[in-house]
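Notes follow the structure.
The values are calculated or read from the model by the stated rules, or taken from the named source; none is laboratory data. Here the structure is a predicted model, which is why all the values come from computation and not from measurement. Cβ: placed from backbone, ideal geometry, glycine included. Neighbour counts: every protein chain shown. All accessible areas refer to the heavy atoms of the entire protein, side chains included, with ligands and DNA or RNA removed. Shrake-Rupley method; radii C 1.70, N 1.55, O 1.52, S 1.80 Å.
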Amino acid sequence: MTDNTFTNAAITADDKAAFEREGYHLIRPLFSKAEAAHWRDQINAVFDFPPEPDAAARIAGATHTLADGVTTTENFWPVIFNERLLATVSALIGDDIRYTQHSDLHINLPGGRWHRDNAHRAFGVGPDWDETEQPYRVVRVAIYLSDHHASNSSLVVLSGSHRRETRQARTEYVIWNKLRGFLRRRGRNNLLSHIFLTAPRRVLRTQPGDCVIFDQRLMHAGGVIRGPEPKYAIYLSFGIDNQHSRNHRAFFLDRPTYSPDLPAALRARLSENGLLLDDASGTIQP
């Protein structure tokens, strides 16, 4: 097996402790502005839009998403194998990391509900929260390609919510989500910012090329989209080689929008780089 020990990650002991405590780590930036522009045009090509600046007029505020877009679109495979990204993930969650898929390409996905991205999303309920035998080390990688000042691109996180949740915080996010759903059904989603009163909230106002690596169990929401330019983002996932990672991948592969079979060329490349998660099926409990 390939030894996937990656280098060039400037992660200190304090960085790792903060990640364990708060549930997220910000790379600012992972990609340069020129690289971010390249990836925006690659996303435009996926949806048959012209390159910038002509794409903005064609998009005109509409939402476009491709589930598992990184996995199924070869042009995006270099993101999976980015050395700095892999080194950072490995430094944060441990050696022997694997690609756990859960990838997406987004243009203008609206400001969302408070939610978690893991399989068992109710705090403390289900296998994701049981670390007595194996640690939960599955992370979402969110790469933002747009300027906050032009699109309001942001990620809002409830710091530490992968480790603790009060009854008051749970009640509050349920209320906010019901209110957001009410407004969205009436076409007024942009009226409601992501306010939170009973738990620590952090707004990450992203710039082109910024990357947020966060525990899949962290409560978060996509910031409300406002501005003249579209918001672009790339998402993917990694985890250490254990049952939690297999459970996570199995959970998403059970959805019809995700590809159950990796492209053969990608599977071979993942294997060569020690990033292929074996096919042992995860046991997902209800």
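Observations on the model:
- Residue among Gly222, Gly187 that alone is on the phi > 0 side of the Ramachandran plot and either under 16 Å from the mean Cα position of the chain (by Cα) or without any contact (Cβ under 8 Å) to a residue 40 or more places away in the chain (or both): Gly187
- In segment 252-274, residue surrounded by the fewest Cβ atoms within 10 Å (Cβ to Cβ) [restricted to those that are among the hydroxyl-bearing types (Ser, Thr, Tyr) and part of a loop (DSSP other than H, G, I, E, B)]: Thr257
- Near pairs, Cβ below 9 angstrom, 6+ apart or cross-chain, from segment 161-179 (more than 13 Å from Arg113 (Cβ to Cβ) and open to solvent by less than 20 Å² (accessible area, probe 1.4 Å)) to any residue that is among the β-branched types (Val, Ile, Thr) and part of a loop (DSSP other than H, G, I, E, B): Ala169/Thr198
- When Ala250, Ala169 are checked against the criterion of being in contact with a strand residue (DSSP E or B) (Cβ under 9 Å, 6 or more places away or on another chain) and of a type in the set (A, V, I, L, M, F, W, C), Ala169 stands alone in meeting it.
- Among the conditions (1) surrounded by fewer than 17 Cβ atoms within 10 Å (Cβ to Cβ); (2) outside any loop (DSSP other than H, G, I, E, B); (3) among the small types (Gly, Ala, Ser), Ser90 misses just one, which is (1).
- Residue list for segment 70-87, filter: open to solvent by 10 Å² or more (accessible area, probe 1.4 Å) and in a helix (DSSP H, G or I): Thr72, Glu74, Asn75, Trp77, Pro78, Glu83, Arg84
- Condition check for Arg40: in a helix (DSSP H, G or I), more than 25 Å from Arg249 (Cα to Cα), modelled with pLDDT under 95 and of a type in the set (D, E, K, R): no
- Qualifying position, being of a type in the set (Asp, Glu) and farther than 28 Å from Pro110 by Cβ, among Asp279, Asp254, Asp210, Asp215: Asp279
- Among the candidates Leu192, Leu158, residue that is of a type in the set (A, V, I, L, M, F, W, C), open to solvent by less than 10 Å² (accessible area, probe 1.4 Å), more than 25 Å from Val79 (Cα to Cα) and in contact with a Gly (Cβ under 9 Å, 6 or more places away or on another chain): Leu158
- Applying the criterion of being at pLDDT 95 or above and charged (D, E, K, R) to the residues of segment 1-27, the residue that is surrounded by the fewest Cβ atoms within 10 Å (Cβ to Cβ) is Asp14.
- Positions within segment 108-155 being in a strand (DSSP E or B) and either surrounded by fewer than 16 Cβ atoms within 10 Å (Cβ to Cβ) or among the β-branched types (Val, Ile, Thr) (or both), in sequence order: His115, Val138, Val139, Val141, Ile143
- Per-region count, segment 43-69, residues touching a Phe, Trp or Tyr at 6+ places or on another chain (Cβ under 7 Å) and either open to solvent by 50 Å² or more (accessible area, probe 1.4 Å) or not in a loop (DSSP other than H, G, I, E, B) (or both): 7
- Hits in segment 130-187 (condition: among the basic types (Lys, Arg) and more than 28 Å from Arg226 (Cβ to Cβ)): Arg137, Arg163, Arg164, Arg167, Arg170
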